[in-house]
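The values are calculated or read from the model by the stated rules, or taken from the named source; none is laboratory data. Note that the structure is a prediction, hence the values are computed from the model and not measured. Please note: Cβ atoms are built from the backbone with ideal geometry, for glycine as well, and neighbour counts cover all protein chains shown. What goes into the accessible areas is simple: the full protein's heavy atoms, side chains included, and nothing from ligands, DNA or RNA. Shrake-Rupley method; radii C 1.70, N 1.55, O 1.52, S 1.80 Å.
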Amino acid sequence: MSDEVEVPESHPRYESLLTRHRIEAGVDRGITSRQGLIAQGRGEAYDYLLGERTIESADRAERAAAAYILQADHAVVSVNGNAAALVPGELVELAEATGADLEVNLFNRTEERIHAIAEYLREHGAEAVLGLEADGRIPGLDHERAKVDADGIGDADVVLVPLEDGDRAEALGEMGKTELVVDLNPLSRSAQVATVPIIDNIVRAIPNVTAHARELADDPEAQRDAIEAFDADEALSAAERAIRDGE
Ligand code: PTJ
């Protein structure tokens, strides 16, 4: 089965249908877990309520995230089965634009899926992919869920974790890492514990973080301003208001 399925561009919910097909294709290719289908459905519901757009506070979060990545000693972008299926090329571009590392890191870890995702990222231009080693651990978590690459997330001061499980997000925060979380649900624990919760669809969020990073790249003062202008609690409240009142 090919990755791209025919979806009529005239359909009013074209982007949403295309996203759904990418996740389906990801499952067929052995990249995305079947649980990933459920996660996608949950995400779609929130995206529908948010108006399937990047709200203003999410754009500020994406700018702050770009600034944190640029200012990091070692930034790592964590890639799971959903992220890989939806935005493989965009993740590679973000890594290239910022110097961040890419690490395949899975909630439902299997060696087959780790290798399939690493290969898929390489097909999309990634030169180095971490996570195949998984010789480090996140303290406080049990077995497979705790595994990280000691040279990747284990060593990072800033991690971008899209669609992360709440337990793992909390444990990474307790390790003292600056966490940038992409999650459409402002009430999720991952979003609540993040330094920067990005309440937006990953398909819009990642290219926008890259665009901000390109703009901020040579301007440390603008990077500091982007970080200072961002307030996590305010961003979570703004997303809740957008869902409730359509603001
Ligand atoms: O590939 P693996 O094994 O690492 O597993 C990945 C999933 C996503 C299946 C795993 O991390 C998981 O079960 O996640 P949860 O606990 O279902 O949380 C996923 C969160 O991501 C939910 O809060 C969804 O609302 C949100 N979400 C789903 N799709 C998107 C999204 N957020 C942004 N963009 C999306 N496209």
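Is the shape of the chain best called rounded, prolate or oblate, per the rule: a/c under 1.5 gives rounded, else a/b larger than b/c gives prolate, else oblate, with a ≥ b ≥ c the square roots of the Cα gyration tensor eigenvalues? Judged from the Cα gyration tensor, the chain comes out rounded (a/c under 1.5). Sorting 198-204, 208-214, 77-83 by their mean Cβ neighbour count within 10 Å, with the most densely packed peptide first, gives 77-83, 198-204, 208-214. When the helices of the chain are scored as -39500 (n - 2.57) per DSSP H run of n ≥ 4 and the total is divided over every residue, the value at 222 nm lands at -16500 deg cm²/dmol. Rolling a 1.4 angstrom probe over the protein heavy atoms with all chains in place gives the chain an accessible area of 46 Å² per residue. In this rough spin-label picture, where each label sits 7 Å from Cα along the Cβ direction, the R244-Y48 distance is 2.1 nm. The shape of region 119-190 comes out oblate: with a ≥ b ≥ c from the C-alpha gyration tensor, a/c is at least 1.5 while a/b does not beat b/c. Highest mean packing first, where packing is the average number of other Cβ atoms within 10 Å per residue, the peptides 17-23, 42-48 line up as 17-23, 42-48. Shown for the chain: the carbon plus sulfur share of the solvent-accessible area, taken with all protein chains present and a 1.4 angstrom probe, equals 45%. Protection proxy ranking, highest mean first, for peptides 215-222, 160-167, 237-244: 160-167, 237-244, 215-222, where packing is the per-residue count of other beta-carbon atoms within 10 Å, averaged.
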